[in-house]
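Worksheet for the structure shown next.
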Amino acid sequence: MSAVGAAPGAVDEGLLASYQFLRADCVNGTFPDGAGAGGPLVRTASTRCLHGLGVAADGAAPRVTAGAAALRDALGASAEDGSDGLTVELWLRLDGVGESTEEQPIFSIGAPDADDDSELNNVGLRVCAYQDRLLVNMVFRGQSPYDDGVDTQWFNKNIPDLVGDIAGGNVSHVVVSIGQRIDVYVDGMLYYDNNFMAGFEYEDFKATEAWADTFALELFSDGISRYEGAEPFGGDIFSLKIYDRKLDAADVAQNFDAGLPQTPALAYPVEATINEDGEAIAGSLLDIAPKLYAAPLPASRLGTVSLNVVDLDEAPGYPASQPMKSTAMVATLPEAGEILHLDGTPISVGDVLDPPRLLARPPLDAVGQNVMNFSYRAVDGGTGSISSAATVLISTVAVNDPPVPSNMTLVAEAGAARVIELPGSDVDDPIATAIAVLDGPISPDVSIILNATARTVSYLYEGPVTTDAMDPETGVFLVDSFRFRLIDAHDATSFATNVTVEVRSPIVATPTEPQTIAEEGGDVELRAVDLGDAPGDVCVEIVEPPPQGRLVDGWGVEVGPGAALSTKLRPPFAAGAPVRYEGGADAFTAPDRMWNGSALAVPSIQIKYRAFACDAPQRASPVATQSLKVINVNDAPALLYPARAFAVYAGVAESDDEFPSTVLLEGLELTDADRDVDAVRVTVAAQFSTSMLSMDAALLPLADFNSDRDCFGRGASGWRCEGDGLDDSRFTFVATPSAANKLLKTLSYRSIATDVRDVVSVEVFDGVGGECLHEHTTASIRDGCFRRNASLTIYVASYALFEAHASASARSERRWAKQYGWPYSAFAGLFLLACFVACCARCCCRRRTSDDGAEVKKKRRKRAWCCSRRRRSNADEEVGAYSSTPSEDEKEEPPEPPRATVLQPFATVLQPFEPAEPWQLAVAGGARVKVLQIHEDGWAEVRDATGTTGLVPACYLDLPPPAPAK
């Protein structure tokens, strides 16, 4: 007979029927068609298809049936042909040995609707499990079982221990070959053989007489078991084959080696129920960490959900094998809640789960059916094929959560009771049903009265008020706390939480930002408030006055440490208690930089005070500090100068201690209490233009002689800086008082005018406007312009008169010598003779010889042509008073410079002068030049604006006429 549905490599000769339960369409309720002589099987609603990989009983009296008439006819035809018996081959899995006292059918051909439990009436062929044994029953001879007049032959075989040996959850291959003898094979090996038909020939078998037309082929059941209510077979059947002949040992071994085909991994729907919030064990955290109920549970506390990925290739004993286990792949994510890997990391779409298990965290406090749903697919470990998606539905079971208390921070006044409501929440019950209990130590200075059912406490601080640690802005001097728990109606206790209480004194000193006053002093407000529920009058006590000055009250009486001000502060405390600050000498805090930008060390001027309740002095604030911004008030400078006169000689060739040509004007000293925060203007001038005043050149960078910002005055004065502090008869500069003092200490004087009494004036201007600087960059208070001056007298003597006096003394001595002794005269004569000889020798040496041997005298510079005429007078000051062109005989030669007689620091050129000699200087009319020397021959040595030095006729310069000879 041709094979029907034979597995590759299996024996197909004599195969009457073959049922493979390994196809996916089994899931859809359809078993394979073309099953052979047995016909297609029909599945009842109570029989489940094992994920498309086999069938199993599920519920009471399930069955999978097919008509048995064709099978009976085929078996009968085989008997007529002399075939020896039949064979039933099963691939099955038995999870365990049943406890039932009735037979559990695995396979049967019998009456589908038995009305009694007689095997003779209701069974054609049956294979059953009975505890640890395998039973095989068969009706061999007779008419219809319903014809009681026919003698029916019944065969029964009990195969001990077989069920017990294969009931380990592995897939087993069981073959029952029936004929004169019965042979039972397990996993390709002969397990049992014995005589079965007791001498009856199989040729006598007449199926048409033994099996009724109404008999049906059934799995897991038969009519008797349903009638008796027996439990179905507790296993899975993957393959059923019926042969019309006995298979021998070689055939059985061949079929075992052929095995079963490799099966795909399939994903099946999962319906899971977990505890609320996903906790693995309901209420497991109540005593461990109840605070976790206030937030999503950590992954370590979540329960596990297993996905239903089935691959028969992985079943123990399944003949097909694959290299890797099948896994699950997430297809969609839940809209609410989240799913996690077993290590607690979030799952994304496409993540592979190996093993196919995960952690589920439902939405917080969500209870009910299908609170989460998502889908997944199975990935075959052998082929890598991906199954269709299966849905996972997760429901939650309510778990009582403990209440969640809320921590809080509040303010309480010392000595006053504060009622505090203890807050919290409960997702399961109204919070009003919870009670409160205190937890933890309580300060000994605090009294707390608990109302448990109302969840309130009365808090009272009765300890001392310590001002050392008090916050000056809020009055808080103590931060206290206590702990409490909440217990719900189900005795679930919350975690303990803190209530922080800031204990404050209602009396608070509230100093303002630094108050601004002038250096001489001003009024200061010391502020304070009463923050209590019923504020009263507040008094102010001075703790420490500023050391740089003193405090006085409205009556002018000095206020010292510990003294209370007379003014009481009343609600709403809009003003402070007044007190006057009188500053010390030169004590200020602003500006904090000098005029030149250098930092200035200024003191910190502060008033320390405290506030207290006027009617309860023990209720006091901490010590507060009111800072003062004391602005400098510009003080007048002091200029000291010596009362004595100074003497100097004019015309000294080389100055020495006996005949100085320059004198240091010692004794000048400039002081200013403002510590260089302001600059001063200094003007130094001599009475005569022939005088030359100088300061130390190394210190001149301390002074400003020409800046655009400070070196001028505005208004009617219109002053400007002048000179450069070197050989000037007058100069003006700007500097700080200390810098000006350093410069004035180096002031020196010299003159070329003889026998004069000169006066040098020093003027110092300090302030703003007028003769002072027009503006300052520092924030001092200035009122007008202070002026300080000093006058120094200098007598200028003539060194030439001293020489004349010395010559007269010499003549007097010669007369004495002639009168009183010839030795002296002889000696004098010899001395004069020596001098005469020396003079002659000198004259000879001064003569020189030209290249042609002629004697030539050294050329001397001629007198300036304009100076050979009369001297200038006041009437000659107009430009062009003298001729501008010298005659040919008046042109000069380069001379040795003669002795200077007159000096004028600056002069204006009356008319242009074009040089005729290299030692002369070209000047333009109207130009200003500095006069360095005026020579006796009428030439003046000058320096122009470019710094070039040369000689010009003195009469070209705007110079005063010479003084008349004495």
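Values computed for the structure shown
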| quantity | calculated |
| --- | --- |
| Count of region 422-444 residues which are over 30 Å from PRO296 (Cα atoms) and open to solvent by less than 40 Å² (accessible area, probe 1.4 Å) | 1 |
| Scope region 697-719; condition modelled with pLDDT under 90, more than 52 Å from the chain's Cα centre (by Cα) and among the small types (Gly, Ala, Ser); matching residues | GLY713, GLY715, ALA716, SER717, GLY718 |
| Filter result (assigned to a loop (DSSP other than H, G, I, E, B), modelled with pLDDT of 80 or more and open to solvent by 30 Å² or more (accessible area, probe 1.4 Å)) within region 177-197 | ASP187 |
| Residue in region 746-756 that is of a type outside the set (Ser, Thr, Tyr) and either farther than 28 Å from VAL942 by Cβ or touching an Asp or Glu at 6+ places or on another chain (Cβ under 7 Å) (or both) present | no |
| Filter result for ASP586 (of a type in the set (Asp, Glu), over 27 Å from LEU726 (Cα atoms), in contact with a strand residue (DSSP E or B) (Cβ under 9 Å, 6 or more places away or on another chain) and loosely packed, with under 15 Cβ neighbours inside 10 Å) | no |
| Residue tally, condition under 30 Å from THR625 (Cα atoms) and surrounded by fewer than 18 Cβ atoms within 10 Å (Cβ to Cβ), over region 445-466 | 5 |
| Subset of region 349-362 (residues that are open to solvent by 80 Å² or more (accessible area, probe 1.4 Å) and part of a loop (DSSP other than H, G, I, E, B)) | VAL349, ASP354 |
| Region 159-185, residues that are among the acidic types (Asp, Glu) and closer than 18 Å to ASP132 by Cβ | ASP161, ASP165 |
| Residue count, region 703-737 (criterion: in contact (Cβ under 8 Å) with a residue 60 or more places away in the chain, open to solvent by 60 Å² or more (accessible area, probe 1.4 Å) and closer than 19 Å to TRP595 by Cβ) | 1 |
| Boolean, ALA643 is surrounded by fewer than 20 Cβ atoms within 10 Å (Cβ to Cβ), more than 41 Å from the chain's Cα centre (by Cα) and either modelled with pLDDT of 85 or more or part of a loop (DSSP other than H, G, I, E, B) (or both) | yes |
| Qualifying residue in region 435-442 (condition: more than 30 Å from GLY344 (Cα to Cα) and either aromatic (Phe, Trp, Tyr) or in contact with a Ser or Thr (Cβ under 6 Å, 6 or more places away or on another chain) (or both)) | yes |
| Count of residues meeting criterion [farther than 30 Å from ASP674 by Cα, open to solvent by 70 Å² or more (accessible area, probe 1.4 Å) and under 43 Å from the mean Cα position of the chain (by Cα)] in region 516-575 | 3 |
| Filtered residues of region 760-779 (kept if more than 18 Å from TRP719 (Cα to Cα) and either open to solvent by 40 Å² or more (accessible area, probe 1.4 Å) or within 60 Å of the chain's Cα centre (by Cα) (or both)) | THR777, THR778, ALA779 |
| Among residues of region 363-421, those that are in a strand (DSSP E or B), among the aliphatic types (A, V, I, L, M) and either open to solvent by 70 Å² or more (accessible area, probe 1.4 Å) or more than 30 Å from GLY532 (Cβ to Cβ) (or both), counted | 12 |
| Total residues in region 467-480, condition modelled with pLDDT under 90 and open to solvent by less than 30 Å² (accessible area, probe 1.4 Å) | 4 |
| Hits in region 908-947 (condition: touching a Pro at 6+ places or on another chain (Cβ under 9 Å), under 26 Å from ALA753 (Cβ atoms) and acidic (Asp, Glu)) | GLU936, ASP937, GLU941 |
| Residue that is nearest to ASP313 (Cα to Cα) [pool: residues in region 118-176 that are among the charged types (D, E, K, R), modelled with pLDDT of 85 or more and outside any strand (DSSP E or B)] | ASP165 |
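Conditions tested, residue by residue: (1) over 24 Å from ARG782 (Cβ atoms); (2) touching a residue at least 60 places away in the same chain (Cβ under 8 Å); (3) surrounded by 14 or more Cβ atoms within 10 Å (Cβ to Cβ).
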{"site": "ARG593", "(1), (2), (3)": "no, yes, yes"}
{"site": "GLY597", "(1), (2), (3)": "no, no, no"}
{"site": "ILE605", "(1), (2), (3)": "no, no, yes"}
{"site": "ARG619", "(1), (2), (3)": "yes, yes, yes"}
{"site": "GLN626", "(1), (2), (3)": "yes, yes, yes"}
{"site": "ASN634", "(1), (2), (3)": "no, yes, yes"}
{"site": "LEU665", "(1), (2), (3)": "yes, yes, yes"}
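The values are calculated or read from the model by the stated rules, or taken from the named source; none is laboratory data. Predicted model, so just to flag it, every value in this text is computed and none were measured. Here Cβ is always computed from backbone atoms with ideal geometry, including for glycine, and neighbour counts include all displayed protein chains. These accessible areas exclude ligands, DNA and RNA; they are computed on the full protein's heavy atoms, side chains included. Shrake-Rupley method; radii C 1.70, N 1.55, O 1.52, S 1.80 Å.
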